[in-house]
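The values are calculated or read from the model by the stated rules, or taken from the named source; none is laboratory data. Quick caveat, the model's predicted, so the values are computed rather than measured. Glycine gets a Cβ as well: all are built from the backbone with ideal geometry, and neighbour counts include every protein chain shown. Keep in mind that these areas ignore ligands, DNA and RNA; they rest on the heavy atoms of the full protein, side chains included. Shrake-Rupley method; radii C 1.70, N 1.55, O 1.52, S 1.80 Å.
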Amino acid sequence: MRIERARAEHMDAILAIERASFTDPWSREGLEDYLDAPGGELLVCLEGPEVLGFAVFHVSYEDAELYNIAVDPVARGMGAGKALLGEVLRRAGKMGAERMFLEVRRSNAAARALYASAGFSVCGVRRGYYQSPPEDAVLMDKLLEK
């Protein structure tokens, strides 16, 4: 498994994973914006040429936000999500971020466990944040290492 910055040829696989993972998926354009966004990155986890998962994050001054992370349903449980999250945290720290924020559906126990295992803690709740279906977002944050 290796993590690298996504390229245009990864987009079809990224979109397929996005659609399989979320009830309100990002558009192709929204994801493509992060192929070369200042302060943001779209990363992929690859096994050979196959995209196992991806992550989108952005750094603004001392704060970073993990916008999206997803793993192909057939590749879940193989460590791709953990590898992606670790690389996001490393890169955000190198870009000058001191803290990373994220939000996750309250019912997404697997994601919440992954984030907690990486040192994230709950810092708030956004009531009714998600649609399709309606659900609260749990806000989490973590101080980053330089």
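What does the charge add up to near LEU85, with Lys and Arg as +1, Asp and Glu as -1, over the other residues with Cβ less than 12 Å from its Cβ?
Values: positive: LYS82, ARG90, ARG91, LYS142; negative: GLU87.
Result for the local shell: +3.
For the chain, what is the accessible area per residue in Å² when the probe is 1.4 Å?
Working: 7670 Å² over 146 residues.
Per residue, the chain has an accessible area of 53 Å².
Modelled label-to-label distance, GLU4 and LYS94, 7 Å Cα→beta-carbon offset: nm?
1.5 nm
Under a point spin-label approximation (7 Å from Cα along Cα-to-Cβ), what is the ALA37-LEU143 distance to one decimal in nm?
2.7 nm
Starting from the Cα of THR23, step 7 Å toward the Cβ, then list every residue of segment 120-146 with an amide N under 17 Å from that point.
Correct set: 126-138.
Give the long-range amide H neighbours of TYR67: residues separated by 5 or more places, or on another chain, with amide H under 5 Å away, using H modelled in the peptide plane at 1.01 Å from N.
Under 5 Å from the amide H of TYR67: VAL56, PHE57, HIS58.
For segment 49-98, which chymotrypsin sites (Phe, Trp or Tyr not before Pro) are in a loop by DSSP, counting at most 13 other Cβ atoms within 10 Å?
TYR61
As a test, work out the antiparallel percent of DSSP beta bridges whose residues both lie in the chain, rounded to the nearest 5.
Of the beta bridges lying entirely in the chain, close to 90 percent run antiparallel.
Tell me the net charge near GLU50. Cut-off is 15 Å between Cβ atoms, GLU50 excluded, with +1 for each Lys or Arg and -1 for each Asp or Glu.
-2
Within the accessible area of the chain, what % is carbon and sulfur when the probe is 1.4 Å and the other protein chains stay in place?
51 percent
With an 8 Å cut-off on Cα pairs and a minimum separation of 6 or more residues, tell me the relative contact order of segment 41-81 in percent.
Working: 59 pairs, mean separation 13.1, N = 41.
32 percent.
Please name which of HIS58, LEU35, VAL74 has its Cα lying farthest along the dipole of segment 24-80 towards the positive end, using unit charges on Cβ (Lys, Arg +1; Asp, Glu -1) and the Cα centre as origin.
VAL74
Give, in nm to one decimal, the length gained when the segment between ARG127 and VAL74 is fully stretched (0.36 nm per residue of separation minus the Cα-Cα distance).
So the chain would gain 15.9 nm between ARG127 and VAL74.
Net charge around ARG28, counting only other residues with Cβ within less than 13 Å of its Cβ (Lys, Arg = +1; Asp, Glu = -1)?
Once positives and negatives cancel, what remains is -4.
Run the helix sum for the chain: -39,500 (n - 2.57) per DSSP H stretch of 4+ residues, divided by residue count, reported at 222 nm to the nearest 500 deg cm²/dmol.
Computed mean residue ellipticity for the chain: -8000 deg cm²/dmol.
Over segment 88-145, what per residue volume does the convex hull of the Cα atoms give, in whole Å³?
Here the figure is 82 Å³ per residue.
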